[in-house]
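Working notes, beginning with the structure itself.
The values are calculated or read from the model by the stated rules, or taken from the named source; none is laboratory data. Note that the structure is a prediction, hence the values are computed from the model and not measured. So basically every Cβ, Gly included, is an ideal-geometry build from the backbone, and we count neighbours across all protein chains shown.
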Amino acid sequence: MSPRISFTPINVEVECDDEETVLEAAFREGWNLVHGCREGRCTACKSFLLEGDVTLRSHSTDALSEAEEEQGYTLLCCAMPDSNLVVELLHFDADNLRLAHRIADGRARVAAIDALTEDVVRLRLDVMAPEWFAFTPGQYVDLWLPGTDGAERRSFSMANVPGDGSLEFLIRRYPGGRFSGLLDPTGASALQAGDVLGFTGPYGSMHLRPGDRPVLLVAGGSGLGPVLSLLRELAGAGSARRVRFFYGARREADLPLVAEIADLGAMLPDFAFVPVLSEEPWSGATGFVHEAAAAVLADGELVDPLVLACGPPPMIEALVEVLTGRHGVAPGDIAFDKFTPAAAGDTD
């Protein structure tokens with residue numbers, strides 16, 4: 001008999017098939033548990049085992065230490081049930097417990113590849129199948145590495161908004177990157193317009209909540225993609241919310257799409273975009289992006305905001321710490337996505 005998993009405090013129960021993780025079982029039955037990387041590296045799905053035992057797939061000890069595992073904590077994306085389980089969810093969104101969009105395999109054709117900076121590329125795909133594929137701004141898909149039939153994948157967040165049958169990604173090229181290396185036009189196996197890629201998704205639980213509370217957007221590096229999607233959603237809806245957007249980069253040459261962000265901001269009545277550079281002086285803000293973002297709470301420019309952030313783990317962890325520890329932002333009011341390398345020595 002397949003193990004049963006009960007989730008508290010949401011009073012949901014699912015059945016877990018063989019070789020399925022707890023998170024995969026929840027997805028299959030249509031439940032939208034809070035999650036991030038799905039590879040045991042980001043901590044978003046960390047929960048507590050009240051009853052039962054699991055075997056954990058390979059994961060980062062930065063996400064779940066041996067001491068935490070001994071105390072009963074687990075990562076739902078890596079946990080394979082050895083018995084019936086009772087799981088206490090440490091993070092959940094009571095208003096979005098059901099998946100808004102069914103997770104599916106699909107195919108898309110490369111429409112365009114454009115260099116935005118020295119190492120950031122915009123990849124645009126036209127979805128071929130399924131025709132009904134949709135996503136929520138802030139979500140991501142797994143793109144299949146060509147020739148692997150889906151066995152090897154890399155996760156990238158959409159930078160566009162849904163509705164026109166396309167998927168747009170902002171991807172940083174890394175030396176030796178298994179997928180990002182395909183975006184180097186000088187490479188022997190570079191992707192070309194017209195090539196077909198497989199994908200699976202959408203995944204991710206970061207999204208914009210309705211209402212009139214101010215919004216604090218924070219991004220670093222290629223984490224710009226999903227935050228740009230959220231900004232496009234706000235601008236397209238003609239939102240009246242106060243919006244502040246902080247983007248961290250190393251140098252001025254690393255700032256992509258500044259003019260487009262300004263155009264989107266002009267569609268909002270109360271918007272400011274603040275690029276923050278960490279490695280060179282310039283006329284704008286310098287230093288760490290999480291400190292610059294927190295300053296708008298310290299000076300009262302934003303009161304009781306919803307926070308949406310995407311970037312490397314150190315940036316996200318520092319942001320969460322300063323907002324919750326110094327400025328009283330509730331953890332439930334911070335939605336984030338950590339961008340992590342695919343694997344040591346195999347980054348994307």
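Scanning the range 198-218 for residues that are crowded, with 21+ Cβ neighbours inside 10 Å, within 27 Å of Glu152 (Cβ to Cβ) and either out of contact with any Pro (no Cβ under 7 Å at 6 or more places or on another chain) or charged (D, E, K, R) (or both) yields Phe199, Gly201, Pro202, Tyr203, Gly204, Ser205. Look at the range 221-250: where a residue is under 22 Å from Pro269 (Cα atoms) and a partner is hydroxyl-bearing (Ser, Thr, Tyr) and not in a helix (DSSP H, G or I), sitting 6+ places away or on another chain with Cβ atoms under 6 Å, you get Pro226/Ser157.
Restricting attention to the range 298-341, which residues are surrounded by fewer than 16 Cβ atoms within 10 Å (Cβ to Cβ), closer than 19 Å to Phe288 by Cβ and in contact (Cβ under 8 Å) with a residue 40 or more places away in the chain? The answer is Glu301, and nothing else.
Asp105 meets each of the listed conditions (1) in contact with a Lys or Arg (Cβ under 9 Å, 6 or more places away or on another chain); (2) in contact (Cβ under 8 Å) with a residue 24 or more places away in the chain apart from (1). Being touching a strand residue (DSSP E or B) at 6+ places or on another chain (Cβ under 9 Å), over 30 Å from Gly311 (Cβ atoms) and either at pLDDT 95 or above or among the β-branched types (Val, Ile, Thr) (or both): is that true of Glu15 here? Considered against the rule, which asks whether it is touching a strand residue (DSSP E or B) at 6+ places or on another chain (Cβ under 9 Å), over 30 Å from Gly311 (Cβ atoms) and either at pLDDT 95 or above or among the β-branched types (Val, Ile, Thr) (or both), Glu15 comes out as yes.
Condition test on Leu90, is it in contact with a Gly (Cβ under 9 Å, 6 or more places away or on another chain) and either surrounded by 16 or more Cβ atoms within 10 Å (Cβ to Cβ) or under 17 Å from Met206 (Cα atoms) (or both)?
Values: in contact with a Gly (Cβ under 9 Å, 6 or more places away or on another chain): no; either surrounded by 16 or more Cβ atoms within 10 Å (Cβ to Cβ) or under 17 Å from Met206 (Cα atoms) (or both): yes.
Considered against the rule, which asks whether it is in contact with a Gly (Cβ under 9 Å, 6 or more places away or on another chain) and either surrounded by 16 or more Cβ atoms within 10 Å (Cβ to Cβ) or under 17 Å from Met206 (Cα atoms) (or both), Leu90 comes out as no.
Here Asp114 clears all of (1) surrounded by 14 or more Cβ atoms within 10 Å (Cβ to Cβ); (2) within 27 Å of Leu234 (Cα to Cα); (3) touching a strand residue (DSSP E or B) at 6+ places or on another chain (Cβ under 7 Å) except the condition numbered (1).
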